[in-house]
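Read-outs: derived from the displayed coordinates by stated rules, not from any lab. Predicted, not measured: the structure shown is a model, and the values here were computed from it. We place every Cβ from the backbone using ideal geometry, glycine too, and count neighbours over all the protein chains shown.
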Amino acid sequence: MLFEMQPFTAFMNVESSRSYVDDLYSQDPNKCLASIVCIKNSVIGSNRQKESVIAQGIVPRLIYLLKDKTTKVAVRIEAAVTIGSLAKGTEDHIELLVNCGCIEILLEVLEENEPRLVDACLCCLRTLSQQSYSSTRKYSLANLQKLLNFAGPKESLQRQSCVATIISFACKSAAEQNALCSVGAHSILASLLAIQNYSVRIPVVTSLASMCWNNQVVANEISNASCKDIKIPNFLATLISRDRPIEMQLEAARCLTNLHRAGAIQAYDPIITYRTLPCLVRLCQVEHLETHRAVAADTLAYLTEVDSDLQQVAAISNQLVSALVDLLKCSSVAARQAAFRAFASLGANDEDIRKRIIDTKCLMDRVVDGLGDENKDIRLAAVRCLHSLSRSVQQLRTTFQDHSVWRPLMTLLTESPSTELLTAASSALCNLLLEFSPAKEPMIQQGVVQLLATLTSQSDPSLRLNGVWALMNLAFQAEQRVKSQILTALGTDQIFRLLADSDTRVLMKTLGLLRNLVSPRTHTDTMMALHGPQVMQGVVLVLEGPHTPEVKEQALCILGNIADGERARDHIMSNEDVLKKLIDYMTHPAPCLQESAVFCINNLTRRGEPGAIERQTRLKDLGVVNILQQLLSTSDTILFNRVKAALTQFADRLAVEYIF
Amino acid sequence: CSIYFKGWDKQSYGYHGDDGHSFCSSGTGQPYGPTFTTGDVIGCGVNLIDNTCFYTKNGHHLGTAFTDLPPNLYPTVGLQTPGEVVDANFGQEPFMFDIEDMMKELRSRTRLEINDFPVPESQGEWQAILNKMVSTYLVHHGYCNTAEAFAHITEQPFNEDIVSIKNRQKILKLVLAGRMGEAIEKTSRLYPGLLENNQNLLFMLKCRQFVEMVNGSDIEICYKKSIGGYSPNFNTSPRPNSPVQTSVIQSTKSFSNKGKQTVEEMNQQNVAHNGTSCLNQTTIINTDDSDVEMDISDEVQNGHGDTCMNGRNGSTNNCYQNGNSHGNNITHELKICCDNEDEDMDVDVPCRKISSKPAVERILEFGRELYSMSQRLNIDKNSNELNQKMLEDAFSLLAYSNPWASPVGWQLEPSQRESVCASLNSAILESDNKPRKPPLEVAMAHAQELVKLMSSTGLGSCAFASLVDILDQ
């Protein structure tokens, strides 16, 4: 019966709405007002009705009525309220409203300072600002100032709450943070904290949190501001108390976290260690709502991301690990993502914590599941968690192997992932390819070498870094065939490009890779026989480049390794240019370069090896012995020992000569 | 709950430092927290509401260790290494862990639980019951106008007998003002037979009357014959509510025993147990002024500055209290005024002469009447003993030169009138076939008893369920 009635009702609605919509265009203000009120009442709480009146094209008319100063105030107010109601509709509705210039017009109308109109406009702006589509809107300095004027201590609660909410959503980047700070938003917001009403306090704290996120200057300003003579961090610490509403606790903890991460509060400050951290840990517990737990875990992840003391405290607090494992079982993306992030932070530095996390029942299964999750944010969070946990040598050899973690990781890497995911995944890969990792061999078989070689030519420096880094790890004490595979996959051209990389970290790891390729001694000759000229060219390239001593030291170390190879060392001895450079570095002001050069000389002149005498003679002719004897006066003990060792090689020969 | 070894035995629970495990009545532990050693501060908290237990390490909450704990646990600590020392803190110093924050949460949780406690449909209309309770309370205590206004606002029918309420109110006001003679007279006029049938109550009222005579509050002293209680000649009396009224006894003694006492001596005595002279002086003026108006209004207890009507006004109230204000019932406000010079008091001295001598004789006469009444009253043993005690206490007042400072002086405090007032009120209501106690007070008393019962049964939330705290919010 009811079902049959529906088409009829819909028909009635369209018919009856047509007449009052027509009145919207009437010149008679009373008719117009009556029409808007009808529209307003019809659209409240009904997306279908919103859709219907928008389809009839009323938005431009509403905007016109709102904007037109000759229109009766009552009509303009109703227009603003109706727009605000439409702004609670679907994303399409909001997009339409924003594209019609609603926000600009509302801000303009605010300038008129008509009190009742201001209230309606602020509410409407609040609704619009909460929608993701319009949150990209930038507010000018004048706009912000105007808005803040309506948040003074004598304004109504509604206005204060509206302005705080608008600001909390508007503050998205450093530009807004600094702009807000420059118009004194921090002190206005700080004074609003005194208002004993959570509909004001919560958005105020959210705004403060947005303002200080990752912005040291603003964070310092905020932590020096006060409310009722109490400094903001201390005031927030009271809002964190357990008897406050959960949202209040969460936002206060988030703001304190941001203040800490931006450098305004130290990690050892009791407000962080004994208030903020325990509050967040508590809100992660099972008894709280999933949404609250997700925000708490995410904030906790950020709070403990870098400080190992905080990681340790969090790890023993309130059975956090099991609460987070439980959070992983939740259905929402936010919850699982937050739990992975929190695990990643907790396990970042401490082996014991990592072990405890991994030993938790089913955790690795969850991580592996997460790697293959259909949601990309969860995949990313899971990879980051895996990266953090992969720092454990023991786990690499045990749990990681048991779960064949490398398999989903390789799948992820080959599925053309986003740069962010690729960076995180390749970081984890670096650890999985360490010499002692059992995952190394199967991954080589799956073509990891080629994959990494491709990474090294990516435009993102962190991807190139991870690619070379992983290859360096892979080459360490690897078999000859792996090394050849690396060289083949990379190609000499690519190696030269990497040696000329603008990012020093990439250059350092490339040199490390070369060093691993030409060592140990047993591999040096073979590698040099195959790629000698290119390697020497690369080394010279670096030695001649405008690099720091730390970089050049790596190049000299490669020479030291080459000098260790029976036939490989001929690449040095036959290269006048390289020899001269070596000798010059023996007297270089940087001790690390002197040490490496002397070490290389020592390897070249090692007695008892074929051709040692000829090489010693050659070097002696170049004045090496004299330089070595001068270096004996050094105060650097490492250098002194190496010089003495090198001189011994010569001394033996001199003695023999003398005897004969 | 304890720290070491404990937890292995039955009904014992522990957290071990060597492996960080928790032990619940068994030899095998569960992984619980971090290990701990010399220098660490370990805390143990038992939540008597949830019957759970948690430990802390260096001020960090380690999470719930045990649930469903039995009652009556005792703290113990076990040590393994000889010579090891443990400092125990039971709260004599601040805890490292922020226990106060947790208490706040439990307190607000208990409060929420009480506030949100569901009232089943079967219990009837909750709001209507509450309204009824409030209005019966107001009626019971004779707040006639308030009761009427409340009924009006809450849209309840108001069928109470207003005249009856007003009558009760008048009598109770007299009692609270210490004017027992008038109160008794009015009661027997309005409720004939009530006191005759309740000799114990009458005796109690008479005893009180005796006390009030000593106090100087009862009109009977001077105006025995003015039965009506509205005696217009009141105003003719020079300063009936004389500020330095002190005790009639005292004044008498100073005349009879010492003959002439110097004015100064008297003043000193006055200051000793009165000390509110200056303020009283002004008060009197005010009262006198208002008397003019009051005479016009129909309901006046003039002369004595009618405590009841102006009862809220501290200074007026003091008119009744003065003379027996031994410091402890002087309000702070009054104390400020005490430092004023004595000059004013000279003025007051003569008035004592006026009220003294006949008053004492009258008291003694009244005492004899009271005694003979007690002799006639031999009902049952229990109430007899009570009556005897009451009489002795009252008569003892005469034995002291300064009754207010005497060991039986407590009887003279105006607050003692309240219990007499309540008894009389209850008796009147009972005679009207109404409850002796209003339902609101019954409910309060009931709730208070229940909280005590919670405590003795081991329900922890009673700590946060104090009736006063909850009503204070």
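The table for this structure:
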quantity: Global geometry of the stretch A:458-546, whether rounded, prolate or oblate, following the gyration tensor of its Cα atoms and the 1.5 cut on a/c; calculated: oblate
quantity: Inter-label distance, nm, simple model (7 Å from Cα along the C-beta direction), residue B:375/residue B:35; calculated: 9.2
quantity: Shape of the stretch A:506-609, Cα gyration tensor, a/c cut at 1.5; calculated: oblate
quantity: Sequence of B:28, A:587 once ranked by neighbouring C-beta atoms within 10 Å, starting from the fewest; calculated: B:28, A:587
quantity: Positive minus negative residues near residue A:386 (Lys, Arg vs Asp, Glu; Cβ under 13 Å); calculated: +4
quantity: Contour excess over end-to-end distance, with Cα ends at residue A:416 and residue A:391 and 0.36 nm allotted per residue; calculated: 6.5 nm
quantity: Exceeding the 27 Å Cα-Cα cut-off - candidates A:329/A:355; B:206/B:452; B:170/B:206; calculated: B:206/B:452
quantity: Hull-based mean projected area of the stretch A:129-189, where the convex hull spans the alpha carbons, in square nanometres; calculated: 3.8
quantity: Scattering curve values for the stretch A:129-281, log₁₀ I(q)/I(0), Debye with Cα scatterers, q = 0.19 Å⁻¹; calculated: -1.13
quantity: Residue-count net charge about residue A:317 - beta-carbon cut-off 10 Å; Lys, Arg +1, Asp, Glu -1; calculated: +2
quantity: Label point at residue A:446 placed 7 Å out along Cα→Cβ; residues across the stretch A:369-405 whose backbone nitrogen lies under 11 Å; calculated: A:404-405
quantity: Fraction in percent of alpha-carbon pairs per bin - 5 Å, the stretch A:74-198; calculated: 2, 11, 23, 23, 21, 13, 6, 1
quantity: The stretch B:67-164: projected area of the alpha-carbon convex hull, averaged over directions, in nm²; calculated: 13.4
quantity: Average other protein chain Cβ within 10 Å of Cβ, residues B:97-109; calculated: 3
quantity: Descending Cα extents along the principal axes, chain A, whole Å; calculated: 125, 61, 48
quantity: Relative packing of B:401-410, B:174-183, which averages over residues the other C-beta atoms within 10 Å, highest first; calculated: B:174-183, B:401-410
quantity: Mean-position separation - Cα centroids, the stretch A:92-144 and the stretch A:159-192, in angstrom; calculated: 15
quantity: Prolate/oblate/rounded label for the stretch B:400-473 (Cα gyration tensor, a/c 1.5); calculated: oblate
quantity: Positive-end residue, chain A charge dipole about Cα centroid, Cβ charges, pick of A:318, A:58, A:179; calculated: A:318
quantity: Helix-only [θ]222 nm of chain A, DSSP H runs n ≥ 4, -39500 (n - 2.57) each, per residue, nearest 500; calculated: -22000 deg cm²/dmol
quantity: Hits among lysines - C-alpha to C-alpha of residue A:509 under 22 Å, sequence gap 8 or more where chains match; calculated: A:440, A:483, A:552
quantity: At 0.890 mPa s and 25 °C, Stokes diffusion of the stretch A:602-654 via Kirkwood alpha-carbon radius, µm² per second; calculated: 220
quantity: Separation of alpha-carbon centers, the stretch B:48-113 and the stretch A:374-434, rounded to whole Å; calculated: 41
quantity: Inter-chain Cβ neighbour average for residues B:60-69, partner chain, 10 Å; calculated: 4
quantity: Euclidean distance of C-alpha centroids, the stretch A:38-80 and the stretch A:540-588, integer Å; calculated: 79
quantity: Of the DSSP H helices in chain A, those whose Cα atoms cover at least 30 Å axially and whose Kyte score averages -1.0 or more; calculated: A:2-23, A:637-659
quantity: Neighbourhood net charge (15 Å Cβ-Cβ; Lys/Arg +1, Asp/Glu -1) for residue B:455; calculated: -1
quantity: Sorted peptide list for A:201-207, A:591-597, criterion being average Cβ within 10 angstrom, highest first; calculated: A:201-207, A:591-597
quantity: Whichever lysines have a C-alpha closer than 24 Å to that of residue A:620, once near sequence neighbours (fewer than 8 apart) are set aside; calculated: A:580, A:581, A:644
quantity: Listed peptides B:124-131, B:423-430, A:616-623, A:557-564 by packing density, highest first (mean Cβ within 10 Å); calculated: A:557-564, B:423-430, A:616-623, B:124-131
quantity: Using a Förster distance of 41 Å, the FRET efficiency for residue A:44-residue B:470 (Cβ separation, nearest 0.05); calculated: 0.55
quantity: Anchor residue A:88: lysines whose Cα lies under 30 Å away (excluding residues fewer than 8 positions away in-chain); calculated: A:31, A:40, A:50, A:67, A:69, A:72, A:138, A:146, A:154, A:172, A:376
quantity: Average other protein chain Cβ within 10 Å of Cβ, residues A:311-323; calculated: 4
